[in-house]
1. Length gain on complete extension for the stretch ASP266 to ASP400, per 0.36 nm per residue less the alpha carbon to alpha carbon distance?
2. Taking Cα atoms, how many degrees apart are the long axis of helix 206-222 and the longest axis of the chain, rounded to 10 and kept between 0 and 90?
3. For segment 395-478, max minus min Cα coordinate along each principal axis, in Å, sorted largest first?
4. Might you report the magnitude of the Cβ-based charge dipole of segment 395-478 about its Cα centre, with Lys and Arg at +1 and Asp and Glu at -1, to the nearest 20 debye?
5. Out of all DSSP beta bridges in the chain, what portion is antiparallel? Express it as a percent rounded to 5.
6. Share of the chain's accessible area from carbon and sulfur, percent, 1.4 Å?
7. Against the longest alpha carbon principal axis of the chain, how many degrees, from 0 to 90 and to the nearest 10, is the axis of helix 238-252 turned?
8. Counting alpha carbon pairs within less than 8 Å and at least 6 residues apart, what relative contact order, in whole percent, applies to segment 104-201?
Amino acid sequence: MNGIMMQYFEWNLPDDGNFWKKLKEDAKHLSEIGVTAVWIPPACKATGTNDVGYGIYDLWDLGEFDQKGSVRTKYGTKQELIDAINELHAHKIGVYFDAVMNHKAGADRTEKFMAREVNPDNREQRTSDPYEIEGWTGFDFPARADKYSDFKWHWYHFTGTDFNQANGKTAVYQILGQNKDWADNVDSEHGNYDYLMYADIDFDHPEVIEEMKRWGAWVAKELNLDGFRLDAIKHINDQYMKHFLDAVRAERGQDFYAVGEYWKPDKASLDEYLAAVQYKTDLFDVPLHFNLFQASEQGKDYDLQNILNDSLVKTHPALSVTFVDNHDSQWGSSLQSQVQSWFKPQAYALILLMNVGYPCIFYGDYYRLGDRESPHRLIIDILLSARKKYAYGEQRDYFDHPRTVGFVRMGDDEHPGSGLALLISNGENGNKVMNVGEHRKGEVWREYTGNVKSEVTIDEQGNGNFLVEGGNVAVWVKKDA
Ligand code: CA
C-alpha cells in the first residue's frame, strides 16, 4: 500500500471546540490530495479545554461528560468526533487515535501514601528516606458515574508523582508499597525513564493492566478506529505494550495499525524497542527527523550523502513512519527541533517520493501554525501529486555528492508513464546524470515543480542530465505523461 498519513493537529490550535467539525469538513479534500489516514489529536478529557490532550484526565470521557469544566474537549464533543470519523471513513481515510497511557493528570482529590524523593537526573538514586506525602492520585470521575467503567484510580495504581500537597514541594516522588518499583522495561535515560510527568501509571499492577486493555478494545470499537498512535512509549513497560496491542487486535483484527512515539535520535534504542515488542508496532523515524533538522541547520556544510544514515527507514523500512516535523518538534514546543523552512521542500520530497517508509505530513506544515499560514502547502500538494502519478517502481540512489543528491524511481507497468528523477540541493545550482532506463531513450522530460524551466532529452543509454536550483528541489518526469 502506498499510504499517506497526516498528523491532523499542531500544538497551538484554537480552544474553540470546533476542530472535529473542521476535520469533518476537510475529509473530502484530504482524500483528494491522497491522504489515506489521519492521526487525530488526543481526544480524551484532559485537565481543561486549553489542554492539547496529553494532560489526560479520563480515558473514558471522549467529550461526553461535564468534567474538568466542560463536556467538550479542546476539539469538540464525542458526537462531533464520531461524525468526523464517519465522514473520513466515507472517504476511505483511516483514523489513528492518540493513546496517552503513560500518565494521568488533574486528579479529583489527594491521597496520603509513602514515597521517597529521587534524583531527577538519576531516578535510581534515592535522595530522601521514605515519608508520607499527600499526592494527587485519587480519580473518581463523579460526573461519568461509572458509565463504561467503574474503575477508580488510587495511589497504588501509580509508580510516581511530582507534587506533595502537604508541603507544596515539587520533586520526582517514587511511590512506595508492595511490589512497587519503577518499571524495568523502559528507556534507561535518567537511570530509569519510567517517570515522565503527572501521576505515572504502574503497568505492573494487575488491575491497571486489565483496565487499560479493556479501554483499548473499547475505544477502538466505540470510535471504529483503524489504529493507534502510542504516546510516550519509552516511558511505558514495553511488555505491557505488546500485550495491549495483542488484546486490541484480538478484538479488532490483526491489521489494526499502531505507530509508537519513541522520541530518541539514537536508532539502536529504536531497534531494541522493536525487538522487545516483537515488531508489533511501527515507530516514528525520529533519527531521520534529526538528520533533516541538522541538514536544515547546517545548510551547505551538511553532507547530503548522510541524510538517510542511521535512520529507521534504512534498517526497518517497513516499520518506519517518516516525518519532517510534529507538534513536539515545532518551534516553541517541548522537544523543539523544527526543520528550517528552506529545507522543508527537500525533506518532504525525500519522504514522499522514496520507495520506503510510511510518510506522515504535519498539519503545521500543510495548513498553519497558530495564525501563520504555512508557505509549504503548494509544494506539498505538488509532491503529493507527483507521488500519486510517478513515484512507482524500483529506486536507484544517487547519494554521491555532498550538496546535490537524488534518486530515480523507475516506474512500473501498472502506472503508465510513471517514473521520476528527484534531485535535492543544499548548495549551489547543481546537475546530475542519472539513468532512467535504456527503454526511455529519446523521451523528453520536464521538471514537475516548476522550479526548473528547461527540458531534458534522455540519451541512447537512458541517461538524463538533470538540473536542480541551488537550495531547492527538482522532480523530473516524462513530458506529457
Ligand atoms: Ca511511565
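The values are calculated or read from the model by the stated rules, or taken from the named source; none is laboratory data. In this text, all values refer to a predicted model and were calculated from it rather than measured experimentally. Don't worry about glycine lacking a Cβ; one is built from the backbone with ideal geometry, like all the others, and counts go over all protein chains shown. When the accessible area is computed, the model is the full protein with side chains, heavy atoms only, and any ligands, DNA or RNA have been set aside. Shrake-Rupley method; radii C 1.70, N 1.55, O 1.52, S 1.80 Å.
1. Details: separation 134, 0.36 × 134 = 48.24 nm, distance 2.45 nm.
Going from the current span to full extension adds 45.8 nm.
2. 50 degrees
3. Each principal axis gives a Cα extent; for segment 395-478 these are 35, 24, 24 Å.
4. Details: 9 positive and 13 negative charges, 38 e Å.
That gives a dipole near 180 debye.
5. Details: 54 of 76 bridges.
Beta bridges within the chain, antiparallel portion: roughly 70 percent.
6. Details: 8530 of 18790 Å².
Summing carbon and sulfur atoms, their accessible area is 45 percent of the total for the chain.
7. Long axis of 238-252 versus the principal axis of the chain: about 80 degrees.
8. Working: 201 pairs, mean separation 31.1, N = 98.
Reported as a whole number, the value is 32 percent.
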